[in-house]
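Inspection log for the structure reproduced underneath, given as structure tokens.
The values are calculated or read from the model by the stated rules, or taken from the named source; none is laboratory data. Keep in mind it's a predicted model, so treat the numbers as computed, not measured. Every residue, glycine as well, gets a Cβ built from its backbone with ideal geometry; the counts of neighbours run over all protein chains shown. Quick note on the areas: whole protein, heavy atoms, side chains included, nothing else; ligands and nucleic acids left out. Shrake-Rupley method; radii C 1.70, N 1.55, O 1.52, S 1.80 Å.
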Amino acid sequence: MSRMEEYHHVKTEVEQNPYVYDNVIHLVQTLNKLQRENEKSLEEVQWEKIEVLDKFMEKPDRVPNKAEEKLIESLDSLLEYYGRLPMASGEINDRYLNVFLRRKELGEFPDYLQRGFIHLVMENYQDNQIKMYQLIVSTVIKDKSIHEKVSQLLLHPEQLANEPTPLLEELEPYFKQMAELNRDISHFYKTLLEVKIDRLEVEDPDAQGDKLDILRELIKYSKEKSKLKEQAEILLLNELEDYKQFRTTLDKGYYSGIEEIYQELYSWFPQNKVYKDHLIDSIEKQVHFMENAESNQSSRSLHHAKIEAYEKLIRLKPNDKEYNRNLATFYFQGGKNLKRSRGHESNFELAERYFGRYIDLSNEREKYQGYYYLGLLFLQQKDWGSAYKKLKDAVKLAPTFDDYFQVAYPYVISCVHERNELEADRIIEEMESHDKEFEYRKEIEFVRMYKNMFSSGFAYTVFKNGKEVEEISYLASEKYIEDLLHDNPHSFILDMRNPEVTYVRGIEDCKKNTSVLKTLLYRHLMVNGSVSVEDARIILQKENVNVARYINMFKEDMYDCVGNKEMLTISHAKQSVYYFEFPADTYIIQPINFSIHNYV
């Protein structure tokens, strides 16, 4: 059955009985599919859905359910569609109104009806506005005794000035709720607030706090805000002076109150540098007290408070490098045990981001600190490779010996975990040469002990003829190579214990053309399948070495490396592949879990 055939079949069922919910929903879903498949237009589909759903809702005992929500979705869709043309449909207004009137009988007002409500009260038809105002009153105001009074005031808001203050207080939360639903009908609420503030001027001119609260609300909902802000600014500055007089103890709480006042002033006047500077100063003072004064807060809540303070400071001065470094440090200290709700970012990810910003904002002399902190961050996460790279940069940039020692200490640890024992030895020797006064002797001995502890375990993988055969320790590796060459004088060894410098060992250490042997041994690792000791086979692709252009020269180089032409057979299997067969074994020694591709 095609989609169109399905549509006609379901439509017939709905026409025969329009009150079977499953059939109605089936038809709605089929119409949606026809629209997606371009069998019917959006306008055609939405109107047909509206007719079906509206009919379904007409049954006297029908309680609004999901069908009503789908009806509203279709009305919203058409409202948007016609709005773009631009067009307006009185029938859409009527359909919305029917839904609302049904809802009035139920005394309910679901969230999905809000768009329709806003649309109707924005229409130029006064009748619609009045009906909707009355409807919202009947749904949000539970006290039925004041419905009539509110309905009158909605029609004549200017009469609010004649109503007693207790009634205004009672109406205020309902008028505010209407303003929050749609700011375009906030004039009722604003009129009520203006009446209240005028009465305060007469009845209680000293009630500056109450007047300020009303001004704050008027600023939220008024289009012309400048004069209101100026009035509120005067009152808020007076409140600030009173606060300073009564709060004589200069502690974190004192500066928290100062911050709250300047934050409001700065939100009203974001171009005012004085307010911004005072706001920054009040937050910095709180950080100072948190870092230096005893606190009854738990360490975790105090840590959160510091993070929140620096987040505020960075919003005010995003390019302050010290703010970025300090915030990164607090995130780093939080680690995995201090979870924060910031999207999907962990504390470590946030620390990495702000340390990175600190590096970007710092000069060359200061960048080493950022690399140092990032190195520590990665060490704590046991990301040894990333830690090694960042600490290596920090070691290069450290401006003084004290700075160098600070970063060299964790750098040695990262070298050990990266199986770069030779680099670790080099740094330890360098640390000792700088430590003339033996100030850091204990620390140097600790990292040496740490290195030796790990060196006693397996550090390197040994490959023989392309197959992993065993793992050996750092301490045993040199003797292992010596014994290997003694027992197998014609063997080749690619020594990658320090990936920074690769050596070829064997046949008098192949003093000539070692690059050829490196290529040979590298390709040997890439051979698929087994390779016997007696007939080691290495395949060289012409795109990897210059075999095609310099094959004769390559053969001579290979013969020179091996030392005996009879030991090496070179055969041409096909256009781009050459086989080098010789009876010797080939070995590669590299750090455990290390990728050879990056170093050959």
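Listed residues TYR404, TYR388; which is in a helix (DSSP H, G or I) and more than 22 Å from THR461 (Cβ to Cβ)?
So the residue among TYR404, TYR388 that is in a helix (DSSP H, G or I) and more than 22 Å from THR461 (Cβ to Cβ) is TYR404.
May I ask you to verify whether ALA394 is at pLDDT 85 or above and within 30 Å of ALA476 (Cβ to Cβ)?
Here the answer is no, as ALA394 does not meet what is asked.
If you check PHE401 against the conditions, is it in contact with a strand residue (DSSP E or B) (Cβ under 9 Å, 6 or more places away or on another chain), surrounded by 15 or more Cβ atoms within 10 Å (Cβ to Cβ) and among the aromatic types (Phe, Trp, Tyr)?
No, not satisfied.
Pull up region 419-471, narrow it to residues that are outside any loop (DSSP other than H, G, I, E, B) and basic (Lys, Arg), then point me to the one that is surrounded by the fewest Cβ atoms within 10 Å (Cβ to Cβ).
LYS442
Rundown of residues vs (1) touching an Asp or Glu at 6+ places or on another chain (Cβ under 9 Å); (2) under 30 Å from LEU485 (Cβ atoms), yes/no style:
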site: LYS389; (1), (2): no, no
site: CYS415; (1), (2): yes, yes
site: ILE427; (1), (2): no, yes
site: THR461; (1), (2): yes, yes
site: ASN465; (1), (2): yes, yes
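For GLU230, all conditions in the list (1) at pLDDT below 80; (2) part of a helix (DSSP H, G or I); (3) open to solvent by 60 Å² or more (accessible area, probe 1.4 Å) hold save one; what is the number of the exception?
(1)
I'm checking my understanding of the structure. Among residues of region 315-328 that are under 19 Å from the mean Cα position of the chain (by Cα) and in contact (Cβ under 8 Å) with a residue 40 or more places away in the chain, which one is surrounded by the fewest Cβ atoms within 10 Å (Cβ to Cβ)?
The selected residue is ARG325.
Within region 300-321, how many residues turn out to be of a type in the set (Gly, Ala, Ser) and over 13 Å from MET290 (Cβ atoms)?
0
Determine which member of the set LEU237, LEU279 is modelled with pLDDT of 90 or more, more than 17 Å from LYS317 (Cβ to Cβ), open to solvent by less than 80 Å² (accessible area, probe 1.4 Å) and not aromatic (Phe, Trp, Tyr).
Going through LEU237, LEU279 in turn, just one is modelled with pLDDT of 90 or more, more than 17 Å from LYS317 (Cβ to Cβ), open to solvent by less than 80 Å² (accessible area, probe 1.4 Å) and not aromatic (Phe, Trp, Tyr): LEU237.
For PRO18, work out the one condition from (1) free of Cβ contacts under 8 Å to residues at least 24 places away in the same chain; (2) of a type outside the set (A, V, I, L, M); (3) under 25 Å from VAL99 (Cα atoms) it doesn't fulfil.
It is condition (1) that PRO18 fails.
Only residues that are open to solvent by 70 Å² or more (accessible area, probe 1.4 Å), over 19 Å from LEU237 (Cα atoms) and part of a helix (DSSP H, G or I): list them for region 202-226, please.
Selection gives VAL202, GLU203, LYS220.
Inside region 418-446, can you point out the residues that are at pLDDT below 85 and of a type in the set (S, T, N, Q)?
ASN420
Could you grab me the full set of residues in region 11-24 that are surrounded by fewer than 18 Cβ atoms within 10 Å (Cβ to Cβ) and in a helix (DSSP H, G or I)?
Answer for region 11-24, where residues must be surrounded by fewer than 18 Cβ atoms within 10 Å (Cβ to Cβ) and in a helix (DSSP H, G or I): LYS11, THR12, GLU13, GLU15, GLN16, TYR21, ASP22.
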